[in-house]
Every structure is written in structure tokens, then in C-alpha cells.
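In what follows, a structure is listed as C-alpha cells, so that the remarks can point back to it.
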Amino acid sequence: MPLFEKLIESVIQGEEGSVRECVQQALSDHIPVKEILNDGLIKAINIVGEKFKKSEFYVPDVLWSAQAMKAGIELIQPFFQKSDVPPLAKVVIGTVEGDIHEIGKNLVAMMVEANGFEVINLGVDVPPERFVESVRAHQAKICMMSALLTTTMPTMKKIIEALKEAGLAGRVKTMVGGAPVTKQFALEIGADGYSPDAPGAAELAKEWIAG
Amino acid sequence: MAIGFKSQCVPTYRVLTEDQIKEIHLATLEVLEKVGVRILDEEGIQLLKEAGCQVKNENVLQIPRGLVEESIHSAPSSIQIYNRKGNEVMQLGGDHVYFGLGTDLIYTYDLKTGSLRRSCLQDVVNAAKTGDCLEEIDFIASFALAQDVPTNLMYIECFKALLENSIKPIFFTAAGAEDLSVILQMAEVVAGDEARLREKPFLIHYSEPTSPLSHSKSAIRKLFLCADKGIPINYTPALLAGATGPVTLAGAITVANAEALSGVVLHQRRAKGAPIISGFVATTMDMLTSTAVYGGPEFRLTHSACTDLYHYYGLPVWGTAGASDAHCFDQQAAMEATFSILMGTLEGANLIHDVGYLGQGLIGSPATIVMGSEIISYVKRIRRGFDISQEQIAMEVIQKVGPGGNFLTTESTRRLHRQEHWRPKYMNRDNPDMWKEKGSKTYGERVTQKALEILETHRPEPLPDSVRQKLEELIKKAEKSLMGIKFVV
Ligand code: B12
């Protein structure tokens, strides 16, 4: 099987070891990093996304592929600067203060990571200041907030305002989600985006970065 | 006839054999002893250390099996619950089955408009009235989340609404130990004082550990507060198999059981003999939509196993039934409510909540409560079984009527039809013409109408004025002390 075909198949099957082997091979064959990323890893994860949309793949399948892809990215990341590949866009994500629901937030984090982002996961019960600090420190492009309680939803507004006050408004986009969060609510609090689920969150993040 | 022949046949059901129960119990003990549980509260850690638990790392503690067994023994096997007026109404334990409402639903499927909207305090009032009126509903709960009330007072106002609109026992949640302590003060006012509330509790607090194998600071503080005051607490995890627990049902059951039993240990160490209702929910996360499934078949299997385990432990056990994943009051809602109420009843869970829940724990529907009440009534008829005594076999009557006769006019038909034959309240048994004449209504339309009628006509017994006044004062004080502060999570 040609190398790229094998790489793509390995990502789809979630075979981390095989993905590493293929990427190593590609690197020693002097294939440009950009090509490995775009025509190999990203192409593969897009196929996985399509399969998920058609209900051929389930969430655990997608996450295994995501992990396999991540293993590949880790190998090529050191070469990004030397090639013309821009560094991965960074995403800060957390469940807001007062809230300890983490399953959905972690799912979003994994899906976003699977789509070629570097994710900084702040965990649960995260106060607004920590979102702001983290966005600033990592120069994150996107700040994602999760809330599963109607009582903690208003904190998202505080975070968006705090980001503005910190002068980060134009530099970071905000995305909100969680079972009680709606599109309407996202609009009201001035969030840049919303998605009802993890694949949608990754999709939107990709759109934003593509410009 | 055989010696010791029991003439009453009662259908029951269990899923685990005694050997299988022991197998899961041993696995649970192994998890507690080797893997341990994460305790996010200093006081909780201290208490477990003193009880002989090893600190595995930082806040993960390993609980020795002796301590678990000891706590199972010291917890009461039966808890008497009263109503607001001090009458005995629920004996939680054994295979007594009681049904009631759930808490905190963000949306309400509106009775009048038939569409979804955000829940408010009036929906809590409506739920209390509905639960108060329906005889199959044994206890009430907020059902809706009062989103028109300031956050820190939400659960306090809900509790007041429940007190004012029903005399039935109250199953309730709180945001933290902060508002819980105000709610307990309110309950003391209703009961007379702290001692009388302890003696005749008419309320059960509901708090939960976090799967997998964690106890948050807030959950432990609520657990301890109830333990100290002798208020019955329902401390039970909701695990999602494949996400917050193993994907296999046996694994999910084992982990959830370890969470529940570590709660019993914490509680009994804090106050030996204090009342606790235990058990767990171990359902699945849907692997396509990644939502928490409330109406699936695995939920029923794991819950039947849970009930078997807690019957074996001799501890009162919690349950969930009458709930659905459907987003509106439709055929799916009816199907999932029926299966769950049937299995919950036959397995013999004691405190079965969430009747009328839709949309995976996000949507409340008063009409669905009414439907649930009829399913409960139906299922309880099944559970009552029938008698096979000589009189009931009715040989004499059979002889008398003989071939070709009719039984409609016999004395026994007239005397026994009411007790032998269950009668529906809202289900259709009309002939086609009669059904048309009555407006060709669907079942959904009939129970919706009943739900509306309850809200219009049912007058719950009010609280005495003096009590109401004292409650108002407590809430005024709480407004000052709680507004704007951050609760511990
Ligand atoms: C599991 C669960 C818990 C677990 C959480 C375990 C854990 N490790 O996370 C535990 C037991 C700890 C828990 C505790 C509580 N819970 Co809870 N919980 C749930 C439950 C059943 C499922 C949530 C879940 O994990 N779903 C599966 C995941 C995958 O879905 P998801 O989180 O919605 O995420 C998806 C989308 O929303 C979206 N998304 C999520 N985040 C983000 C972020 C971004 C940026 C984007 C774009 C998208 C996005 O993508 C995800 C994947 O598709 C819900 C009911 C429900 N149907 O939501 C109640 C629910 C959320 N809980 C509720 C309540 C009341 C509580 C408690 C207050 C109960 C109590 N009194 O103790 C406590 C609160 C603790 C706290 N301070 O946070 C209520 C909320 C009501 C309200 N106030 O709004 C609910 C709705 C149930 C109910 N009606 O009672 N809970």
C-alpha cells in the first residue's frame, strides 16, 4: 500500500503505532511537513468526520482516530517553524466557575484537537480570571466555555466582558456551549459562536481559522 | 393442597442471583480498597483517615472492606418518611415501592400552547399541585427549575412553593450547603423545631457524587449537613457507561456501586445510624449523539441489578422511572415511561423519582406526570397479583352457572369486580361510536386536559399563616446573607 494511503487508513482505524511509523517514514523520505499534515493527517480526519456524519462511525471511533492523528502531529510539530506551516492555532477551553460538569467539555476539547488545534484544557470550575490569563499567556485564537447549569451560564458573559476589558477582544473569538445553552443566549451575551455539539464546535473553529 | 401453599401470587423480578450479587459486591470492595475514591473536601479526607483509610495520593483514599461492611450495617435498613402534617406516608426499605417527581428541569412542555419554553417558579407550583392531587404520586419535587428567581435563592423559593402547594413529602436539591442550611431551617419551622423535624422528617435531600469515583466538596458538605441533622439524604451517582464509567454494564455497575457505598461510608462515619437512601443510576452515553440516555434498556438492567444489591445490603434504594429521552409528550415518551415504571416496580426499588421527565432530564411536562400516574396504577395492579384460594377459584360459582350460562349476574361478580378488575382513568375502552361522540380524543389530549383541570380546580391544603410568615422572614434574611456570594462547589 502506498505510504499516504497507509497513513490515512491508519488514522481512520485509530492505529497510533502505525500512524507514527508512517509519519517517521515520510519524514525520512523528506516529504514536506505540510504535505504530511494536509494530504495525510487532515485528509484522514476529514474522512473520519464524514463517516461520523453518516453514522458509520461513533464517538469512540472518532476519538481513537483523533488520538492517532495527534500522535502523528506530535512527530511533525518540531518541524513546523522550519517549514512554511503556521503553528497550530490555540484554543483555551474550560467549564465555568461553579460548574463541575466535564464530559461534554472534554469531548469538545478532543474533537477540536482532532481537527488540528492545540488545546489548553483548564478543567472545571474555572474562574473568569483564569480564562483571561490563559488566553493571554498562550495567545489563544479561540476561547471556549462550557456550562451545564443555567445558574452558571451568566458567568460566560462575565468572561466575555473580562476578555474585552483585558484588551483581547479583537484577538480572540469566543464560543459557548453546554446542554442549557442556546444560540439565542450566545447572541445575547455577545459570544462569537455557539454549537450544540462537539463536531459542530470543531467545524466552526476551523471556519474561523480559515478566515 | 400442598402444606404451606401460598394462595397469593405476586409477580416479582430480579436480575442477579445471590452468587452474582456477591461477585459484584466483591468487585466493588476491590475498587474501593485498591483504586480508591477522590475526596475533594478536607474534612472528608480527615474523617476517612481517622477511620483507617490509606491516602493513595493527595486526595485519593483507599477504603478497607471492613469499613464498608461496617457502614452498610450501621445504616438503617428502613426509613419512615412523614408528610408535612406529620402522618406516616412512606416506609422506605424492603420492597416497598413509592413514586414521585424529579428536580431541576430547564424547559417546560407547556400545557396550553403545546410548545417548549423555559421553566419558571410557577412551573414548580404547578408540579406540586399536580403531584399533590394524583394519588399514585407519593412524593413531590421541584420538577422545574425556577429561572425567574435570583440564582442563590432559586432552591429556597422552590422549597417554599413545594411547601405551600402540597402536603406530600418533598424530595429536593440545593445549589450548595449554603442554601441547604436555609432550607433545613424552613423545614424546622414547618415541623415545629429541629428535634421534631428529626423525629418526623417530611423531606429527603438529593445530592450526588461525581462519576467516576469522586466526591465534590459541595456534595460532601451537603452529605455531612444532613448527617448531622438526621435529615434523610439520597446520595446517589449517575454514571454514563462508556464516558464516566466502563462501557460494560457489569463494570459500570461496579464503579457506580463503589461511588454510592463510599458515600454511605462517609455518611455513617459522620453520624452512625443517620438515615441514607443509596443506590445508583448507571446508564449509557449515546455514542452517536453523545447525550445522556434516560430511556434506554441498559438503564433498566443496571438499575435492576442495583436494586438486587441494595436489597441484599438491606439498605433503602433509590430509583428512576417514568422518564424519557423524547422531547415532547409523544409515543416514545409513553413507551419509555411504561417500561421503566414496570421494571422499577417489579424489581422493588423504594424511592422512584423522575416521573414526567422528558428530553433526557431537560424538559418537564405536567401531562406526562398524569400519564405516569396511570401507568403506575396499572403496574401496581400487576404487582398485586391474584389470589388462588378456593374461594377465588370459585368452583361453586362455576358449578352453579355451568355450561352456556352467564357470570354477569352472579353475586360474586357484583361483589368482586371492583377489586379484581383494574379500572383506567384516562385510557380509552369505549366502543368506536362512543369514542367519536366524545370528540375522538387521543390519550395525549385526555391527560393534557386532566393536567389542566388539576391546575384549575385542585386546592392544596395551605400552610398555617404563622408558618408562612416565619418562612418569609427566613427568606428575607437569606436574601441578605446569600445574595451575591459564591457557593462552594
Ligand atoms: C452527568 C451529569 C452530572 C454529573 C457530572 C459528571 C461529570 N464528571 O461531568 C454530576 C453527578 C456531577 C452532576 C452534578 C450536578 N448536576 Co448534573 N447532569 C448530568 C447530566 C445527566 C448529563 C450531562 C452530560 O454529561 N451529558 C453528556 C455530554 C456529552 O453532553 P453535554 O455536556 O451536554 O455536552 C455536549 C453539548 O452540550 C456540547 N457542549 C458542551 N460544552 C460545550 C462547550 C462549547 C464551547 C461548545 C461549542 C459546545 C459544548 O457538546 C457536547 C458534546 O456533544 C445532565 C442532564 C443532561 N441531559 O444534560 C444533568 C444536569 C445538567 N445536572 C443538573 C443538576 C441540577 C446538577 C446538580 C446541581 C445536582 C445537585 N443538586 O447536586 C449538580 C451540580 C454540580 C455542579 N456544581 O456542577 C441539571 C441542570 C439544571 C440547571 N440548574 O441548569 C441537569 C440538566 C439534570 C436535571 N434536570 O436535574 N450532573
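Points to keep in mind about this one:
- Axis of helix B:121-133 versus longest Cα principal axis of chain B: the two differ by about 50°, to the nearest ten degrees.
- Looking at the protein assembly as shown alone, DSSP beta bridges between its own residues are antiparallel in about 30 percent of cases.
- Under 16 Å between alpha carbons - lysine pairs in region B:73-384 that sit 8 or more apart or on different chains: 9
- For chain A, taking Cα atoms only, Rg and Dmax work out to 17.8, 55 Å respectively.
- For region B:277-309, a decrease in accessible area of 20 Å² or greater in the assembled protein chains relative to the isolated chain, with a 1.4 Å probe, applies to B:M285, B:M287, B:L288, B:S290.
- If R0 is 45 Å, the Cβ-Cβ spacing of B:H417 and B:R65 corresponds to a FRET efficiency of close to 0.25.
- In the protein assembly as shown, helical runs assigned H by DSSP with n ≥ 4 each contribute -39500 (n - 2.57); averaged across all residues and rounded to the nearest 500, the mean residue ellipticity at 222 nm is -15000 deg cm²/dmol.
- Here's the picture: charge each Lys and Arg Cβ at +1 and each Asp and Glu Cβ at -1 in region A:48-204, and of A:T152, A:A162, A:Q139 the one pushed furthest to the positive end of that dipole is A:Q139.
- Degrees separating the helix B:366-384 axis from the principal Cα axis of chain B, which is the longest one: 70
- Spin-label pair A:Q81/A:L187, simplified geometry with 7 Å Cα→Cβ offset, distance in nm: 4.5
- Of all DSSP beta bridges in region B:215-363, antiparallel share, percent nearest 5: 15
- Counting Cβ atoms of other protein chains within 10 Å of each Cβ in B:96-107 and taking the mean gives 1.
- Accessible area of A:T155 (1.4 Å probe, protein heavy atoms only, ligands and nucleic acids ignored): about 20 Å².
- Partner aspartates and glutamates for B:K477 [C-alpha distance under 15 Å; skip if fewer than 8 residues away on the same chain]: B:E157, B:E178, B:D179
- In range of the label at B:E479: residues from region B:172-214 whose backbone nitrogen is under 11 Å from the point 7 Å along Cα→Cβ: none
- Charge tally around A:I189: other residues with Cβ under 10 Å, Lys/Arg +1 each, Asp/Glu -1 each, net 0.
- Extension gain, A:E203 to A:D29: 0.36 nm times the residue separation minus the Cα-Cα distance gives 59.4 nm.
- Neighbour-limited loop hits for GluC sites (Glu not before Pro), region B:25-112 (at most 11 other Cβ within 10 Å; DSSP other than H, G, I, E, B): B:E58
- Those residues of region B:371-409 whose amide nitrogen sits under 20 Å from the label point placed on B:S78, 7 Å along Cα→Cβ: B:384
- Peptide A:182-192 is shielded by partner chain Cβ atoms: per residue, an average of 0 of them sit within 10 Å of its Cβ.
- Our coupling estimate for region B:483-489, obtained by passing each phi through the Karplus curve with A = 6.51, B = -1.76, C = 1.60 and θ = phi - 60°, is 4, x, 7, 8, 7, 5, 10 Hz, Gly and Pro reported as x.
- For the protein assembly as shown, the normalised intensity computed at q = 0.05, 0.08 Å⁻¹ comes to -0.29, -0.70 (log10 of I(q)/I(0), Debye sum over alpha carbons, equal scatterers, no solvent).
- Interface A:B - total buried accessible surface [probe 1.4 Å, Å², rounded to 100]: 1500
- The residues of region A:93-119 listed by number as losing at least 50 Å² of accessible area in the complex, against the isolated chain and with a 1.4 Å probe, are A:I100, A:I103.
- Extension gain for the segment B:E199 to B:D19, taken as residue separation times 0.36 nm less the Cα-Cα distance, is 61.0 nm to one decimal.
- Computed extension length for B:S389-B:Q8: 136.4 nm, one decimal, from 0.36 nm per residue of separation with the Cα-Cα distance subtracted.
- Rounded if a/c under 1.5, otherwise prolate or oblate - region B:73-384, Cα gyration tensor axes: rounded
- Here the accessible area is traced with a 1.4 Å probe on the protein chains. For chain A, carbon and sulfur cover 52 percent of it.
- 27 Å Cα-Cα reach of A:K173 towards lysines, excluding residues that sit fewer than 8 places from it in its own chain: A:K34, A:K43, A:K53, A:K70, A:K90, A:K105, A:K141, A:K157, A:K158, A:K164, A:K183, A:K206
- Relative to the dominant Cα principal axis of chain B, helix B:18-30 is inclined by about 20°.
- Once backbone amide H atoms are built at 1.01 Å from N, B:I63 has B:E33, B:G36, B:V37 as its partners under 5 Å, excluding neighbours fewer than 5 places away on the same chain.
- Surface calculation, 1.4 Å probe, protein heavy atoms: B:K222 sits at approximately 20 Å² accessible.
The values are calculated or read from the model by the stated rules, or taken from the named source; none is laboratory data. Owing to the predicted nature of the structure, the values given are computational and were not obtained by experimental measurement. Every residue, glycine among them, receives a Cβ derived from its backbone with ideal geometry; neighbour counts consider all protein chains shown. To get the accessible areas, we keep the full protein, side chains included, count just its heavy atoms, and leave off ligands, DNA and RNA. Shrake-Rupley method; radii C 1.70, N 1.55, O 1.52, S 1.80 Å.
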